[in-house]
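One structure is given below, encoded as structure tokens.
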Amino acid sequence: MEKTAFFTKDRLFYKTLFSMLIIIALQNLVAFSVNMIDNIMLGSYSQTALSGAATVNQIFFVIQQFAISLGNSLVTISSQYWGKGKPEPIRKLTGITLKASLVISGIFIAVCLIIPDSILGIFTSDPAIISEGRTYLSIIVWTFLLFLLSNVLMAALRAVGTVKISFYVSIVSLIINAGINYVLIFGKLGFQAMGIKGAAIGTLIARIVELAIIVVYMARFDKKLMLFTGKWLASDRQLFKDFIKIAVPTVGASVLWSISVPLQTAILGHLSSDAIAANSVATTFYQYLKVVVQAMSATSAVMIGQAIGRGNIERVKSDGRTLSVVCIGLGVVLGAALFALKNPLLSLYEGSFNSSAMEMAGTLIVIMSFVMVGMSYQMPVCFGIIQGGGDAKWNMAVNLISTWCIVVPLSFMAAFWWKLPVGWVVLCIQSDQFFKGIPAFIHFRKYKWMKKLTRDNR
């Protein structure tokens, strides 16, 4: 019977998988391009302005991790309720997640407004950069709340299979942000050149428009979740406890991982200027392809959660096996694409980089091509299938052990103790993309990650 098939044969499964994957990947690509445009424009205006914005973005990176992990927590539970055909608990869970976003953003906003120089001083000691960063932070800090709320609402829609609106919102945000930045940073159309302040205003307006579009869509056009009906902000102690059980390990792992990222960047920063330049080139292309893997993770979480909610355990297993094989195939395609594009991509930097940096960048792109294959398997399996199936604690344990017990110390030893070449150091920094795949495969095949998170009385 189809329900006991090793791989899923349902055509609707594949249609849903690839349509959702493409839309989410495009959304991620557009969102990534917003940051790239900001960097390009500010870099053209002033190196100090770019450095100031980059410093503030270190803080925003942590906010992003809260937004992503809160959204993933909401999707993990809500997709199961949607699989059971019960939207009311999803509304209440969305309300709970929005309240958590208010608390988290409120804390960050208060700290950044009260002691901005102290916060910025963690990342730089340059007074000029701190001054520019303070100007940028005083405006951008209000986007923390807007960004968290928007991402929670988009996660709620994703849990019920609505993803196109998120792509359209990202497109609008890109156009608004790029347009206002161009006008205000450089002083076009009769406006005074505002530099980094103009970039902050452009981002703030874009975030306001993002949230407004999502709220209007959910209030007037959404026919699935219909969030603003019923008691979606009413307290529900049991649902709150259920949410906390998933959110604490999910958010904790994500935030603690985000703290390790600047440390890993600092390791390369202490090697040589060529290493910094080469890594910047290689990771830029890698990050563009990584958005597809992140989309696969998000898609897998929704599909596995809905399958568990429907209650057919054999179908959940076959869906999981199918997704894991698709992940491997996706990784091979993306890795091959990165490798094939190595020379054309490097040609864009001819004349800007010395021969040593160019040769090093080529080596790193080859390494990242193989890393892409490992990441394309472990990330969707760990975050999409296992965590999406309800096993957030296992995922937290594996990620914290791999990051803080293996990757960080191994990278420090490779760079400063063993003094290995840059390529080997980068391989150590990215090594978790390989070895996490082994425990992920073993745990996945045990199927103990399938956990029912819904309650029959809801």
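Can you give me the C-alpha center-to-center distance between segment 335-369 and segment 1-61, rounded to a whole angstrom?
Here the answer is 22 Å between Cα centres.
Sort 13-22, 251-260 for me by packing, meaning the mean count of neighbouring Cβ atoms within 10 Å per residue, highest on top.
Highest to lowest by the protection proxy: 251-260, 13-22.
Over segment 112-257, what per residue volume does the convex hull of the Cα atoms give, in whole Å³? Don't jump to the answer; show the numbers that get you there.
Values: hull volume 23.0 nm³, N = 146.
Taking the convex hull of the Cα positions in segment 112-257, it is 158 Å³ per residue.
Run the numbers on the chain and let me know its relative contact order in percent, using alpha-carbon pairs under 8 Å that are six or more apart.
That works out to 23 percent.
Relative contact order of segment 144-243: what whole-number percent is it, with Cα pairs under 8 angstrom and at least 6 residues apart?
Details: 78 pairs, mean separation 26.6, N = 100.
27 percent.
What helices in the chain pass both tests, a Cα length along the helix axis of 20 Å or more and a mean Kyte hydropathy of 1.6 or higher, using whole DSSP H runs?
On the way: long enough: 11-45 (51 Å, 1.13); 47-83 (51 Å, 0.64); 88-114 (40 Å, 1.42); 143-159 (24 Å, 1.79); 164-186 (33 Å, 1.67); 196-220 (36 Å, 1.56); 237-269 (48 Å, 0.89); 273-310 (54 Å, 0.65); 313-340 (40 Å, 1.15); 355-379 (34 Å, 1.21).
Result, helices passing both filters: 143-159, 164-186.
So what's the back-of-envelope 222 nm ellipticity for the chain, counting only DSSP H runs of four-plus at -39500 (n - 2.57) apiece and dividing by all residues, rounded to 500?
Working: 18 runs with 350 residues, N = 458.
Dividing the helical sum by the residues of the chain leaves -26000 deg cm²/dmol.
Which semi-axes, in whole Å and largest first, does the equivalent ellipsoid of segment 1-90 have when worked out from the alpha carbon gyration tensor as the square roots of 5 times its eigenvalues? Provide the component values of the computation, followed by the final result.
On the way: eigenvalues 319, 66, 19 Å².
Semi-axes, largest first: 40, 18, 10 Å.
For the pair L189 and A110, what calculated FRET efficiency results from E = 1/(1 + (r/R0)^6), where r is the Cβ-Cβ distance and R0 = 35 Å, to the nearest 0.05?
Working: r = 36 Å, r/R0 = 1.03.
Working from the Cβ atoms, E equals 0.45.
Run the dipole for segment 159-298 about the Cα centre, Lys and Arg Cβ at +1, Asp and Glu Cβ at -1, nothing else charged, and hand back the magnitude in debye, nearest 20. Walk me through the numbers on the way to the answer.
Values: 12 positive and 5 negative charges, 98 e Å.
So the dipole magnitude of segment 159-298 works out to roughly 480 debye.
Taking all protein chains as present, what is the carbon and sulfur share of the accessible area of the chain, in % to the nearest whole number, probe 1.4 Å?
Numbers: 13300 of 19960 Å².
Roughly 67 percent, rounded to a whole number.
Under the Kirkwood approximation for Rh and a Cα-based Rg, what ratio Rg/Rh is obtained for segment 214-275?
Values: Rg = 20.9 Å, Rh = 16.0 Å.
When Rh is taken as the Kirkwood radius, the ratio is 1.31.
P(r) for segment 11-60: what percent of alpha-carbon pairs falls in each 10 Å bin, starting at zero?
Percent of Cα pairs in each bin: 23, 32, 20, 16, 9, 1.
Calculate I(q)/I(0) for segment 275-417 by the Debye formula, one identical point scatterer on each C-alpha and no solvent, and give its log10 at q = 0.11, 0.14, 0.20 Å⁻¹ to two decimals.
So the normalised log intensities are -0.52, -0.77, -1.15.
Counting only heavy atoms of protein chains, what accessible area per residue, in Å², does the chain have with a probe of 1.4 Å? Present the calculation step by step, with values, prior to reporting the outcome.
Values: 19960 Å² over 458 residues.
The answer is 44 Å² per residue.
Tell me the relative contact order for segment 178-220 as a rounded percent, counting alpha carbon contacts under 8 Å between residues six or more apart.
Details: 36 pairs, mean separation 13.0, N = 43.
Across segment 178-220, relative contact order equals 30 percent.
Using a Debye calculation, one point per C-alpha and no hydration shell, please list log10 I(q)/I(0) for segment 42-150 at q = 0.15 Å⁻¹ in order.
Debye output, listed in q order: -0.68.
Considering all projection directions equally, how large on average is the shadow of the alpha-carbon convex hull of the chain, in square nanometres?
On the way: hull surface 89.6 nm².
It is 22.4 nm².
For M413 and Q287, compute 0.36 nm times the residue count separating them, minus their Cα-Cα distance, and round to one decimal in nm.
Working: separation 126, 0.36 × 126 = 45.36 nm, distance 2.56 nm.
Full-extension gain reported as 42.8 nm.
Give, in nm to one decimal, the length gained when the segment between I401 and L233 is fully stretched (0.36 nm per residue of separation minus the Cα-Cα distance). Present the calculation step by step, with values, prior to reporting the outcome.
Working: separation 168, 0.36 × 168 = 60.48 nm, distance 3.69 nm.
Full extension from I401 to L233 adds 56.8 nm.
Using +1 on the beta carbon of Lys and Arg, -1 on that of Asp and Glu, and nothing else charged, what's the dipole of the chain about the Cα centre, debye to 20?
Working: 38 positive and 19 negative charges, 446 e Å.
Taking the Cα centre of the chain as origin, the dipole is about 2140 debye.
Just need the Rg to Rh number for segment 343-451, please, alpha carbons only, Kirkwood Rh.
Taking Rh as the inverse mean 1/r over Cα pairs, Rg/Rh reads 1.10.
Can you find, among F383, M358, W394, the residue sitting farthest towards the positive end of the charge dipole of segment 352-447, where Lys and Arg contribute +1 and Asp and Glu -1 at Cβ?
Ranked along the dipole, the leading option is W394.
May I ask for the distance between the Cα centers of segment 220-239 and segment 383-458, given as a whole number of Å?
Each part reduced to its Cα centre gives a spacing of 34 Å.
The values are calculated or read from the model by the stated rules, or taken from the named source; none is laboratory data. The model shown is predicted, which means the values in this text are computed figures rather than measured ones. Here the Cβ is made from the backbone with ideal geometry for all residues, glycine too, and neighbour counts use every protein chain on show. Accessible surface areas use protein heavy atoms only, side chains included; no ligands, DNA or RNA. Shrake-Rupley method; radii C 1.70, N 1.55, O 1.52, S 1.80 Å.
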